[in-house]
Each structure stands twice: as structure tokens, then as C-alpha cells.
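Structure first, then comments.
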Amino acid sequence: MRRRMLWGWGAGLLTASVVLGALIVFGFSEPPAFDAWWNEFVSAHRADAMVHFALVLNAIGGGWIAILGVPLLAITILLLARRWRAAVFAAICFAASAGAVQILKHLFGRARPDDMIVVSDFGSFPSGHTANAATIALVVWVLFPRVWTAVAGAVWIIAMALSRTFLSVHWATDTLGGALVGSAVVLLLAAGMLPWVRGIRTSSHPRGA
């Protein structure tokens, strides 16, 4: 993907996440109909297997595992593969995504569903777990652009998003917002850093000039 496309997609997804959050929080006095319907549907059909699955992803996608464990593992793997520039890129993406999520959480301050199964932090929009999943998926795809990394990343994002609604800690649109934010941050950083990560010189002067 060319840098101009990365800039465009990144800016577009980030704008969409902000607009979505503003529309939900400031445009509705109650959760949108789809959010309310999905939360009620999940609550009425919640099976033990769904809860166990969601609890596993809750542990993997949040807390110290997500904040330090997964990023450090990814960075270590890249360093062992002698991809130190890719490791720097991944570290910046993880930090920037987490920061963007917290900014939007405090900007919108959306209330979570009342029937949460697990305790969670302040702000329902956007979903930090889903944003983190999207960040991981997009970092992997940007560094290793293959069909299988794209498919695996999409499955990971969807699984994390569903798990958050299975536990009723997020509305469905929170998970969409998280996916948008996490993806946008990686694409924007890739637009600026990818040539450096790949060791490509970006000087406009022709060689030998």
C-alpha cells in the first residue's frame, strides 16, 4: 500500500471513530437501537462457553498482559529476527494506540452497559481491548503484508469485539470504534515510518547529484 493511501485510510478511519463517538454520545440520550438490541440478545442467549471464551480474551487483551506482555513479546521477536526498526515501529504503535484510546474515553465518557460481568475501567467508547487487537493485527499486516496475516488479523479483531459484548462491558459500537482507532493509528504511523522501517531512503535528490 502506498504512503498516500496509508495517510488517506488512516485519517479516514480516525475521523470515522471520532464522528461515531460524538454521534453516539451527543446525538442520543439513550444507547442506539442496535446497541440496545445486541446487548439484550447476547444477555438472553449467553452460554457458558461464550463466557469462558470471553474471559480468556479479557485476560489476554487487557491489563498487564496487553499493556506490557504482548508488546514486549512482539518487540522481542522482532529484535531476535534482527528487525530493530520494525521493533521500534511496533512499540510506537502500541503506545500511540493506547494513548489515543484514553484520550477518546475521557473525551466522550460514555457509560458502559449496566449488566457487566467483569469490572472495567472508565469510559465505554472506544473499546480498548478491540483497539489493542486491531493494533496488533495491523502491525503484523503492515510488516508482513500477506493474505493470511490479513485474514488472521480480521478474525482476531472480530473475536475480541464479540468477546467484549459477550461480557456486556461494551456496547457493539464501542468495539467498532476501538477497531477504527487501533487501525487508524497503525496506518498513520506506517505512512510516516514505513520507508524508514524498510530502510528506504526518501531523499528527493537523485543519486549522484
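The values are calculated or read from the model by the stated rules, or taken from the named source; none is laboratory data. The structure presented is a predicted model; accordingly, all values stated were derived computationally and were not measured. Every residue, glycine as well, gets a Cβ built from its backbone with ideal geometry; the counts of neighbours run over all protein chains shown. Quick note on the areas: whole protein, heavy atoms, side chains included, nothing else; ligands and nucleic acids left out. Shrake-Rupley method; radii C 1.70, N 1.55, O 1.52, S 1.80 Å.
Just to verify a result, which residue in region 9-40, among those that are part of a helix (DSSP H, G or I) and of a type in the set (Ser, Thr, Tyr), is nearest to Arg112 (Cα to Cα)?
Ser17
Could you list, in sequence order, all residues of region 85-99 that are in contact (Cβ under 8 Å) with a residue 40 or more places away in the chain and either open to solvent by 60 Å² or more (accessible area, probe 1.4 Å) or within 17 Å of Thr173 (Cα to Cα) (or both)?
Arg85, Ile92
Looking at region 133-155, I want the residues that are closer than 19 Å to Gly192 by Cβ and have a partner that is open to solvent by 40 Å² or more (accessible area, probe 1.4 Å) and not in a loop (DSSP other than H, G, I, E, B) with Cβ atoms under 8 Å, at least 6 apart or on another chain. Which pairs are those?
Filtered contacts from region 133-155: Val140/Ala152; Trp141/Ala150.
Quick check: anything in region 10-17 open to solvent by less than 70 Å² (accessible area, probe 1.4 Å), of a type in the set (Ser, Thr, Tyr) and closer than 26 Å to Leu107 by Cα?
yes
If you go through region 27-62 one residue at a time, how many are over 23 Å from Gly128 (Cβ atoms) and surrounded by fewer than 11 Cβ atoms within 10 Å (Cβ to Cβ)?
Within region 27-62, residues that are over 23 Å from Gly128 (Cβ atoms) and surrounded by fewer than 11 Cβ atoms within 10 Å (Cβ to Cβ) number 8.
A quick yes/no check of all residues on (1) surrounded by fewer than 24 Cβ atoms within 10 Å (Cβ to Cβ); (2) under 13 Å from the mean Cα position of the chain (by Cα); (3) under 18 Å from Asn58 (Cβ atoms):
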| site | (1), (2), (3) |
| --- | --- |
| Leu107 | yes, no, no |
| Thr135 | no, yes, yes |
| Val147 | yes, no, no |
| Trp156 | yes, yes, yes |
| Ala191 | yes, no, no |
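Would you confirm whether or not region 81-104 contains a residue that is part of a helix (DSSP H, G or I), of a type in the set (Lys, Arg) and either modelled with pLDDT under 90 or within 17 Å of the chain's Cα centre (by Cα) (or both)?
No, region 81-104 has no match at all.
Quick check on my filter: what residues within region 105-148 are in a loop (DSSP other than H, G, I, E, B), closer than 13 Å to Asp174 by Cα and of a type in the set (D, E, K, R)?
Arg110, Arg112
Are any residues in region 63-78 more than 12 Å from Ala98 (Cβ to Cβ), open to solvent by 40 Å² or more (accessible area, probe 1.4 Å) and either touching a residue at least 12 places away in the same chain (Cβ under 8 Å) or not polar (S, T, N, Q) (or both), and if so, which ones?
Hits for region 63-78 are Gly63, Trp64, Ile65, Leu72, Leu73, Ile77.
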